[in-house]
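Report on one structure; see the data block that follows.
The values are calculated or read from the model by the stated rules, or taken from the named source; none is laboratory data. Everything numeric in this text was worked out from a predicted model, so none of it was measured. Counting neighbours? That spans all protein chains shown, and the Cβs are built from the backbone with ideal geometry, glycine included.
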C-alpha cells in the first residue's frame, strides 16, 4: 500500500522515479535499431515490422491525457505502479511473441503503459518540490530520461545483434517490475489524489493557447517519432550492422 506522506519538500526527485523514467525512455527508443532483425526473424517485410514501433509511439502519446486524469483521481504513485506492472507484463509478452500481429499488440500495450511514467513523474515533482528549486529537480529527472534514450540508442542494437532482439524487450520489462516494487517506498505527494475526474482536463481545453501547444506537440511528435524508426533500418540496408 502506498504511504501517504505529510506535506513534504524534496530537493530532487526520488531515485525510483528517475530510474523508472530511464526505463521508460530506454524501452521507447530501443526498438528502432532492431526492426530489421525483427523482420528477418519473423519472416515479414520491414514495412510491416515498423508497425511495432509506430503503434508503440502512437499509444505512448495518446495514453498520456488518460494517465493524467487517473493520477489526479487515484494518486501519482499508485498510477505509476499500475502502469509499470502493465508495462512489465507487456514487455515480457513481447519477448515471447512468435508472430508479428501479436508482437504489435503487445508493443501497443507496452507503449500505453510506459506513457504514464515520465509525465506522472514530472507532475510528482511539481507536487512535492518547492517552486524555487523545482527546475533543478526537473533537470535531474529529464537527465535520467535523456540517459535512457542514449542507452537505448547506443546499446539496444548491440544487445539485439549480439544476443537476441527478444532480450531487449525483456530487460526493460524486468526493470519496470523492479521499479513498481520500489515505488511502494515512495510517499504520495500532498494533493496527489484529489478525487476529481476530468475537471482539470476541461479547464485546460478551454484555453486556446493550450490547444495550440497540443497541436504543435502533435506535429513535433509525428515528425520526430515518425522518422526515427526508419533511420536505423536505412543504415542497415546500406550494410551497417544493428550493433553500430
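So which residues in region 83-100 are outside any helix (DSSP H, G or I) and under 17 Å from the mean Cα position of the chain (by Cα), if there are any at all? If the condition is that a residue be outside any helix (DSSP H, G or I) and under 17 Å from the mean Cα position of the chain (by Cα), then no residue fits. Selection of region 137-167 for residues being in contact with a helix residue (DSSP H, G or I) (Cβ under 9 Å, 6 or more places away or on another chain) and not in a helix (DSSP H, G or I) yields only 164.
For residue 103, the requirement of being in a helix (DSSP H, G or I), in contact (Cβ under 8 Å) with a residue 60 or more places away in the chain and over 23 Å from residue 147 (Cα atoms) is met.
One residue stands out among those in region 179-193 that are within 18 Å of the chain's Cα centre (by Cα) and touching a residue at least 24 places away in the same chain (Cβ under 8 Å): the one that is surrounded by the most Cβ atoms within 10 Å (Cβ to Cβ), which is 179. For the structure I just gave you, tell me whether residue 80 is surrounded by 23 or more Cβ atoms within 10 Å (Cβ to Cβ) and assigned to a helix (DSSP H, G or I). Criteria met by residue 80. Count of region 106-136 residues, restricted to those that are in a helix (DSSP H, G or I), farther than 15 Å from residue 27 by Cα and touching a residue at least 40 places away in the same chain (Cβ under 8 Å), is 10. Within region 46-77, being at pLDDT below 90 and not in a helix (DSSP H, G or I) holds for one residue alone: 50.
Any idea which residue in region 148-172 is modelled with the lowest pLDDT, counting only those that are buried (at least 16 other Cβ atoms within 10 Å of the Cβ) and under 11 Å from residue 37 (Cβ atoms)? Checked region 148-172; the qualifying residue modelled with the lowest pLDDT is 157.
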